[in-house]
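Asks: What follows is a structure written as structure tokens; I'll ask about it next.
The values are calculated or read from the model by the stated rules, or taken from the named source; none is laboratory data. Given the structure is predicted, the values throughout are model-derived calculations rather than measurements. When we count neighbours, we look across all protein chains shown, and the Cβ atoms used for this are built from the backbone with ideal geometry, even at glycine. All accessible areas refer to the heavy atoms of the entire protein, side chains included, with ligands and DNA or RNA removed. Shrake-Rupley method; radii C 1.70, N 1.55, O 1.52, S 1.80 Å.
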Amino acid sequence: MLKQRTIQRPTRTVGIGLHSGYKVELVLRPAAPDTGIVFHRTDLNPEVSIPVSAQAIGETMLASTLVKDGVRISTIEHLMSACAGLGIDNLHVEVNAEEIPIMDGSASSFVFLLQQAGLQEQEAPKKYIRVKKKVEIREGEGAALKWARLEPYNGFKLDFFIEFNHPAIDSTHQHAVVDLSRVSYVRDVSRARTFGFVRDVETLRGMGLARGGSLENAIVMDEYRILNAQALRYDDEFVRHKILDAIGDLYNIGYPLLASYTAHKSGHALNNQLIRALLAQPDAYEIVTFTTQEEAPNSLFEQSTLEWMPA
């Protein structure tokens, strides 16, 4: 059977919170089968644990944030994206602050941490959510229209279009398609960094946000150009980062999806509304397992296994 996965041993790192600017310690630990991914605030007494679910996402302004009884753990999307990309089903995530560290602004540091901890297959069937019919969320009208949808697909494919009307972004590809049964998450998605604009910094910091943002953990732009000295990691890094975020946001549903995701200017809020809308329609999905790798759609399981092999 296709088995659930966790890590072999604990691993830890230290970084800066993107919005708080505070030093944060992050520890990843193995978890038993059918645990799912559970976040723990270890700086609180008693410790507060929040299992990941679509309903546990309580805030979506500039990040996906878990909320339980007033306790927050924010900016989980890059770590969740790495877990999805590497096929991790069960994991304990301990953090001593209300925010996951931003690292370099991509998911690559979390991929490295997970790979260093090693892959552990578990004696329990891996569960997928297979989308059976189209579910769509739309917001706004005209130029302000945003939308995202899930449709049946024998694998997991993401198709994303962005539109920022900025010279630096307009000069790159603003549309990308990633089929994770055909390409490598680690190579083709995980290194795409978050991005922001100098014009927004004062406003965000006045709201208590982006205090840890810098050229070391984001692509930063003024009115005309990119300010980072380093070149873009991908020709379409801006839209590719939105795909990275979407992979993490969609994984908050609790299981890997078998679906085609298509989005136009979507973000954390719309992505969360989309998986909630799917769960609200029992006839739109089913939970499935596979007894052999040959049954797995479009070699999706084999592709995710390759992500653990040395480059």
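Asks: Looking at residue 47, is it closer than 20 Å to residue 111 by Cβ and at pLDDT 95 or above?
Replies: On the way: closer than 20 Å to residue 111 by Cβ: no; at pLDDT 95 or above: yes.
So residue 47 does not fit the description; no.
Asks: Please go through region 26-53 and give me each residue that is over 26 Å from residue 184 (Cα atoms) and open to solvent by less than 10 Å² (accessible area, probe 1.4 Å), ordered by number.
Replies: 39, 50
Asks: Say we look at region 149-187 and pick out the residues that are assigned to a helix (DSSP H, G or I) and under 20 Å from residue 220 (Cα atoms); which of these is nearest to the chain's Cα centre (by Cα)?
Replies: Looking only at region 149-187, we keep the residues that are assigned to a helix (DSSP H, G or I), and these are 167-170, 185-187.
So of that shortlist, the ones also under 20 Å from residue 220 (Cα atoms) come out as 167-170.
Numbers: 167: 27, 168: 24, 169: 22, 170: 24 Å.
Among residues in region 149-187 that are assigned to a helix (DSSP H, G or I) and under 20 Å from residue 220 (Cα atoms), the one nearest to the chain's Cα centre (by Cα) is 169.
Asks: Related question: Which condition breaks for residue 5 when tested against (1) at pLDDT below 95; (2) within 24 Å of residue 191 (Cβ to Cβ); (3) among the basic types (Lys, Arg)?
Replies: (1)
Asks: Sort out which residues of region 22-60 are more than 21 Å from the chain's Cα centre (by Cα) and either on the phi > 0 side of the Ramachandran plot or not in a loop (DSSP other than H, G, I, E, B) (or both), and write them in order of number.
Replies: The answer is 23, 48.
Asks: Only one of these conditions is not met by residue 306: (1) over 16 Å from residue 127 (Cα atoms); (2) modelled with pLDDT of 95 or more. Which number is it?
Replies: (2)
Asks: Next question, about the same structure. Return a yes/no flag: does region 133-144 have any residue that is crowded, with 23+ Cβ neighbours inside 10 Å and out of contact with any His (no Cβ under 9 Å at 6 or more places or on another chain). Spell out how you get there, then give the answer.
Replies: Of the residues in region 133-144, the ones crowded, with 23+ Cβ neighbours inside 10 Å are none.
The answer is no; no qualifying residue exists.
Asks: Same structure, new question: Provide a single number: the residues in region 109-123 that are open to solvent by 10 Å² or more (accessible area, probe 1.4 Å) and closer than 20 Å to residue 255 by Cβ.
Replies: Of the residues in that region, 5 qualify.
Asks: Of (1) over 19 Å from residue 188 (Cβ atoms); (2) touching a strand residue (DSSP E or B) at 6+ places or on another chain (Cβ under 8 Å); (3) aliphatic (A, V, I, L, M), residue 158 satisfies all except one. Which?
Replies: If we test residue 158 against (1) over 19 Å from residue 188 (Cβ atoms); (2) touching a strand residue (DSSP E or B) at 6+ places or on another chain (Cβ under 8 Å); (3) aliphatic (A, V, I, L, M), just (1) comes out false.
Asks: Could you grab the pairs with beta carbons closer than 9 Å, sequence gap of 6+ or different chains, first residue in region 44-63 and among the polar types (S, T, N, Q), second one open to solvent by 70 Å² or more (accessible area, probe 1.4 Å)?
Replies: 49/68; 55/276; 60/273
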